[in-house]
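I have placed the structure first, in the form of structure tokens, so that the comments after it can refer back to it.
The values are calculated or read from the model by the stated rules, or taken from the named source; none is laboratory data. Worth saying up front: this structure is predicted, and the values here are computed from it rather than measured. Note that each Cβ is placed from the backbone with ideal geometry, even for glycine, and that neighbours are counted across all protein chains shown. Accessible surface areas use protein heavy atoms only, side chains included; no ligands, DNA or RNA. Shrake-Rupley method; radii C 1.70, N 1.55, O 1.52, S 1.80 Å.
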Amino acid sequence: MIKWNRWFGTSYRFHPLFSIVILLSVFAGYFVETATLFGIVLIHELGHVMAAKSFGWRVREVQLLPFGGVAVMDELGSVPAWQEIVVSLAGPLQNGWMIVIAYALQLTGVVNEEWTQYVIQANIFIALFNLLPILPLDGGKIMQSLMSLWLPYQRTIALNCMLSLVFSALLIVVSILHLYRGSIQLNLLMIAVFLLVSNWYSYKSLSYHFMRFLINREFTLQRLMNRGTLAQPIIVHGRRKVTDIVRLFMREKYHLVYVMDEHGAICRVLPEQPLLHTYFNETKRGSAISELFM
């Protein structure tokens, strides 16, 4: 584990295969290219870290893998969507200025054209690939953040996980189809398999993700009330279970729940907090709202 200075305040963990890849690149005569590629990935991830730190986020660590990097954050739907979008875009933006610097170094004669072209191509590939709408890539996070502005959060994370699984599988198919051209895109296949496995585990832990969202909901509600916000009504029948109602909560909205009777009359108006407290009581979360509040 490598510790950086206080500004970054983040642990950087290298995958065990990282050293093997470096050694193989030395023997194969591609050490400069490999070291340059990992440097690009590191700076890309530092862009995420610095943007997250500027918003006061808790960055647990940056994992450097043989085929990329991942910045692990503690925030799961507890921060404004626009902050998540900015943090996600901060990585590809680093690739943009690295291209400019590489080209400037070539013009001044510090580096040769061959190295410059490699840096430019690597940065373009990393930036564009990371913008694919697949979690946990930057494009997938941006897609999820935007979708959470219009859909309930539970539906948002479930839909994005399913889409990411489908797109990851498509990447595997694309890499294998190159066999018909006489070669296989091994790097793309490895990354696609990693994304597929990662999203499969994310799918299996959706309930955990949603529970963390609800646990942090109190901080979100306090933020919304401090700045002043319009309440988003949720209209339900008294027979609806607490679990079903909580799944309708949206990320950037404060909800008032209107409970209707058999004749369509409003029997009760509930704020979010009592429903959240009831949901965290496992013996009550499966109960109808009319049994608890009417």
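Please work out the ratio of the alpha-carbon Rg of the stretch 43-143 to 2.2 N^0.38 Å and round it to two decimals. Don't skip to the answer; put the middle values down first.
Working: Rg = 14.8 Å, N = 101, 2.2 N^0.38 = 12.7 Å.
Compactness ratio reported: 1.17.
Computed on protein heavy atoms with a 1.4 Å probe, the accessible areas place ILE235, ILE289, ILE191 in the order ILE235, ILE191, ILE289, largest first. In terms of packing, defined here as the mean over residues of other Cβ atoms within 10 angstrom, the peptides 161-170, 262-271 line up highest first as 161-170, 262-271.
Using mean Cβ contacts within 10 Å as the protection proxy, how do 132-139, 50-57, 226-233 order, highest first? Mind dumping the intermediate values first?
On the way: 132-139: 21.5, 50-57: 16.4, 226-233: 9.9.
So the peptides 132-139, 50-57, 226-233, ranked by packing, come out 132-139, 50-57, 226-233.
How high is the FRET efficiency between ALA265 and TRP97 when r is their beta carbon distance and R₀ equals 51 Å, given to the nearest 0.05? For R0 = 51 Å, the calculated efficiency reads 0.25.
Over the stretch 30-162, accessible surface divided per residue gives 45 Å², non-protein components excluded, 1.4 Å probe.
After finding the eigenvalues of the alpha carbon gyration tensor for the stretch 88-202, what semi-axes result from the square roots of 5 times each, listed largest first in whole Å? They are 32, 21, 8 Å, listed largest first. Computed over the stretch 195-294, relative contact order equals 26 percent, with contacts defined as Cα pairs under 8 Å that lie 6+ residues apart. Return the tail of the calculated pair distribution for the stretch 185-294, meaning the percent of Cα-Cα pairs more than 18 Å apart. Percent of Cα pairs beyond 18 Å in the stretch 185-294: 58.
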